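Working notes for the structure below.
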């Protein structure tokens, strides 16, 4: 019987041992993605009230109301001048509109990406300069797209960036 060179045996053994580990890591990544997808839920309702530039109330089909926070953005304080403009803009865009919202519960609040007419209103708020990107509550938001929209608004001095340097 021929003797197998030791280098080939080491490669074969490393491959045999590594393959299950890689598979376990791949499975863990799939599980993490699946767990996140399971936490996200979609709701549909009419926008009953806009409370600020990133908070609103949805009237659900069963007659109840659901408070929402727009995920991935932070609007100026509603008592400031630009905060009032941010609230006014959001109100003009979605008040009374039928919207769908992809939501995730975080720390007892429902963070959502809201879609009136298939438009991402969170993204548009950044694009028009009525909010800033907030990574802390952005797990369901498209981070690179949101950052690009904020950067664009800042570069052309739109909205809150109009008076900032």
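The values are calculated or read from the model by the stated rules, or taken from the named source; none is laboratory data. These numbers come from a predicted model, not from an experiment. Ideal geometry is used to build each Cβ from the backbone, glycine not excepted, and the neighbour counts take in all protein chains shown.
Quick look at the numbers
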read-out	value
Count of the range 138-149 residues which are closer than 23 Å to residue 162 by Cα and crowded, with 19+ Cβ neighbours inside 10 Å	2
Residue identified as within 14 Å of residue 67 (Cβ to Cβ), within 19 Å of the chain's Cα centre (by Cα) and either modelled with pLDDT of 95 or more or surrounded by fewer than 18 Cβ atoms within 10 Å (Cβ to Cβ) (or both) among 110, 119	110
Of all residues in the range 117-137 being touching a strand residue (DSSP E or B) at 6+ places or on another chain (Cβ under 8 Å) and in a loop (DSSP other than H, G, I, E, B), the one that is nearest to residue 87 (Cα to Cα)	131
Qualifying position, being more than 12 Å from residue 54 (Cβ to Cβ), crowded, with 16+ Cβ neighbours inside 10 Å and in contact with a strand residue (DSSP E or B) (Cβ under 8 Å, 6 or more places away or on another chain), among 73, 160	160
Residue in the range 122-137 that is at positive phi, crowded, with 17+ Cβ neighbours inside 10 Å, in the same structural domain as residue 49 (by TED's automatic domain parsing) and modelled with pLDDT of 95 or more present	yes
Any chance residue 150 is farther than 19 Å from residue 57 by Cα and in contact with a strand residue (DSSP E or B) (Cβ under 7 Å, 6 or more places away or on another chain)	yes
Flag for residue 97 being farther than 23 Å from residue 57 by Cβ and in contact with a strand residue (DSSP E or B) (Cβ under 9 Å, 6 or more places away or on another chain)	no
